[in-house]
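So the structure is just underneath, and the comments pick up after that.
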Amino acid sequence: MKKLRLILILIIPLSLFSCKKDTGPYIKIKNIENLIYEAIRDFRVDEGEDGPFVHQYFVVGEAQVYSYKMANEVVEVDTDGLDVHWDALLEKYSFYNLNALVLKTTSTNEDVILDELLQLPEGEATLLEDVTQCGVGVESDTEGNLYITILLAKADS
């Protein structure tokens, strides 16, 4: 019994100090982002795309940052500035078949937003690409416009 206590006394502090702290960013997926993701997922299923398709929190983080940049006029409302965000993701993850859509809208309804995405040039084709990962980022400006970034990629399981 004394040996067990001694072992526990030695092991507990060792385990407390040996745990590695998670230093990654905390990503909060907003309700509207999840609703848009679900609308896209349902559209893909309705169109016959039934493979894996997940709303990946770290992809959401990069989409949120890009939407923030658009909302604050750091970048134009287009996909030209996304390379730095793809590079950040590709440093850590093995993604390919990278695709993106961006949208400025006044709507807060996910179905209306999906319709607007589908009306973009290549919108429907982009949403139906062979991808497994999705990240939806939404930010607003002071006038109430929403800036939406959809990042899509494929990752092998």
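For this structure, a couple of remarks:
- Residue list for region 126-143, restricted to those being assigned to a loop (DSSP other than H, G, I, E, B), of a type in the set (Asp, Glu) and more than 20 Å from Gly48 (Cα to Cα): Asp141, Glu143
- Taking the criterion of being among the small types (Gly, Ala, Ser) and touching a residue at least 60 places away in the same chain (Cβ under 8 Å), the residues of region 125-143 that qualify are Gly135, Gly137, Ser140.
- Each residue in region 72-124 was checked for being of a type in the set (D, E, K, R), without any contact (Cβ under 8 Å) to a residue 60 or more places away in the chain and under 15 Å from Ile150 (Cβ atoms), and 6 of them qualify.
- Any hit, region 51-71, residues being without any contact (Cβ under 8 Å) to a residue 12 or more places away in the chain and part of a loop (DSSP other than H, G, I, E, B): no
- Here is the figure for region 44-72: residues that are surrounded by 13 or more Cβ atoms within 10 Å (Cβ to Cβ) and under 18 Å from the mean Cα position of the chain (by Cα) total 20.
- Residue within region 107-123 that is modelled with pLDDT of 95 or more, surrounded by fewer than 19 Cβ atoms within 10 Å (Cβ to Cβ) and farther than 20 Å from Arg44 by Cα present: yes
- Check on Leu146, buried (at least 18 other Cβ atoms within 10 Å of the Cβ), within 15 Å of Val54 (Cα to Cα) and either more than 18 Å from the chain's Cα centre (by Cα) or in contact (Cβ under 8 Å) with a residue 24 or more places away in the chain (or both): no
- Only residues that are part of a loop (DSSP other than H, G, I, E, B) and of a type outside the set (D, E, K, R) were counted across region 109-124, and they come to 3.
- Residue that is within 17 Å of the chain's Cα centre (by Cα) and buried (at least 16 other Cβ atoms within 10 Å of the Cβ), where the choices are Val138, Val75: Val138
The values are calculated or read from the model by the stated rules, or taken from the named source; none is laboratory data. Because the structure is predicted, anything quoted here is derived from the model rather than measured. Glycine also receives a Cβ, built like all others from the backbone with ideal geometry; neighbour counts cover every protein chain displayed.
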